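What follows is a single structure, written as structure tokens, with notes after it.
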Amino acid sequence: MSKRTHTHTAAIIGGGPAGLMAAEQLAQGNVTVTVYDGMRSVGRKFLLAGRGGLNITHSEPFDQFVGRYGRSQPHLAPLLNQFGPDELRAWVHNLGIETFVGSSGRVFPTEMKAAPLLRAWLKRLRATGVTFQMQHRWLGWANDGALRFATPDGETSVQADAVILALGGASWPKLGSDGGWVPLLQARGVDIAPLLPANCGFDVAWSDYFREKFAGSPVKTIELHHQDFHQRGEFVITETGVEGSLIYAASAGLRDAILANGRTVCHLDLLPDRTEAQIAKSLAKPRGSRSMASHLQSRLRLKGVKAGLLRDVVPAEDFADPHKLAVAIKALPLTLTTPRPLAEAISTAGGVTFATLDESLMLQALPGVFCAGEMLDWEAPTGGYLLTACFATGRAAGLGALNWLHRQ
């Protein structure tokens with residue numbers, strides 16, 4: 001049997017899921033692949049995401065799944081058609097990692113953790129010849145087109161036939177995704193939408209009493225309404241405002257409304273299983289010598305943080321009017337003033353615009369340079385959507401680079 005020869009080289013900058021998936025496609029295509037990453041090891045954010053249980057993808061119907069990507073759906077749907085939830089699960093199984101579907105439809109590895117999957121993947125990548133250069137922070141290009149890197153031993157440069165940038169967004173900068181690539185690409189004429197927090201918390205002007213008493217408390221079984229968004233779930237009170245799964249699900253619309261208007265108001269249904277009329281009828285019953293807090297608890301089982309929210313938001317005089325109080329319980333107005341900082345967000349919106357890329361995710365201004373993962377201009381809620389699109393775009397960029405190399 002003749003020994004395979006590698007005729008092309010590819011540099012993958014960024015060792016997260018998108019970069020590693022791109023490396024896999026190129027290595028299988030007989031390309032010499034090196035992965036460069038600024039951290040000491042690859043997959044730092046991937047491992048952190050799996051610390052509480054790695055939500056790899058979601059099992060809902062495909063049409064519903066791709067709808068989660070909002071305005072980016074037209075760009076991502078073709079890539080997800082090629083490598084979506086089913087293909088991703090099969091790929092994970094091929095690594096020897098079993099998965100299961102949770103009660104919410106989310107898909108997890110049986111062991112719940114990211115580390116076994118990453119170890120198996122890296123072993124397979126190394127077996128195909130992929131090499132890794134850690135603590136290599138990308139500095140852009142030299143005058144001769146070489147890639148510049150800062151390393152512990154000083155600056156070095158690398159020539160490659162194809163380059164895939166998978167540098168992440170700008171959330172969790174301590175794990176390597178700091179957005180430092182933005183000015184490097186802008187200097188080359190690449191159009192980049194501003195990086196913004198996604199799946200983030202928001203600030204609320206709590207009273208000192210409410211903040212001290214309820215910070216850290218979960219608010220469960222409520223519905224959040226904001227513009228066209230209506231969803232039941234839960235969130236958490238923080239010292240500065242609100243965060244948690246229900247807030248993250250609504251965060252894109254909340255953030256954009258704040259950017260447009262300086263602030264926004266969402267409405268909370270504190271008792272979604274009761275109608276306004278039922279609540280008003282219960283509140284209208286005589287409370288005698290009982291306090292309002294006791295009245296709310298005995299008639300509606302409304303207590304703790306939910307009762308605290310009412311007290312913090314509703315004018316004191318409205319508590320004497322059962323109808324006004326019922327309206328507030330069903331649609332409590334909560335004013336959000338600012339998103340939390342990008343460095344605190346779970347993910348990033350904005351990035352390299354799809355208009356500046358061709359269909360294979362190659363930068364039109366920089367032939368041979370491809371982009372993948374969270375540095376592209378898309379966003380999605382948590383629930384497996386983020387990781388699935390990172391894998392899908394990484395695969396697409398890797399295949400795009402492979403086809404481009406074959407044409408050269």
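For (1) modelled with pLDDT of 95 or more; (2) not assigned by TED's automatic domain parsing to the domain that holds T382, each residue gets a yes or a no:
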position	(1), (2)
L117	no, no
S157	yes, no
D161	yes, no
D208	yes, yes
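Residues considered: E359, E344, E374. Of these, the only one that is in contact with a Cys (Cβ under 9 Å, 6 or more places away or on another chain), surrounded by fewer than 19 Cβ atoms within 10 Å (Cβ to Cβ) and either of a type outside the set (A, V, I, L, M, F, W, C) or more than 25 Å from F229 (Cα to Cα) (or both) is E344. Applying the condition of being out of contact with any Leu (no Cβ under 6 Å at 6 or more places or on another chain) and in contact (Cβ under 8 Å) with a residue 24 or more places away in the chain to segment 286-308 and asking which residue is surrounded by the fewest Cβ atoms within 10 Å (Cβ to Cβ) yields G304. Exactly one residue among A331, A401, A345, A380 is under 20 Å from F202 (Cα atoms) and in contact with a Phe, Trp or Tyr (Cβ under 7 Å, 6 or more places away or on another chain), and that residue is A380.
Going by the structure shown, is A316 outside the structural domain of G189 (by TED's automatic domain parsing), buried (at least 20 other Cβ atoms within 10 Å of the Cβ) and either touching an Asp or Glu at 6+ places or on another chain (Cβ under 6 Å) or at negative phi (or both)? No: the conditions fail for A316. In segment 329-343, the residues that are touching a residue at least 12 places away in the same chain (Cβ under 8 Å) reach residues that are of a type outside the set (A, V, I, L, M, F, W, C) and part of a strand (DSSP E or B) with C-beta atoms within less than 6 angstrom, at least six apart or across chains, in these pairs: K330/D269; A331/H267; P333/H267; L336/T264; T337/D203; T338/D203; P339/P197; L342/P197.
Candidates in segment 123-143 are the residues that are under 15 Å from N94 (Cβ atoms) and in contact (Cβ under 8 Å) with a residue 24 or more places away in the chain; of these, the one that is surrounded by the most Cβ atoms within 10 Å (Cβ to Cβ) is L125.
The values are calculated or read from the model by the stated rules, or taken from the named source; none is laboratory data. Predicted model only: the values in this text are computed from it and were never measured. In this analysis, Cβ positions are derived from the backbone assuming ideal geometry, glycine residues included, and neighbour counts consider all displayed protein chains.
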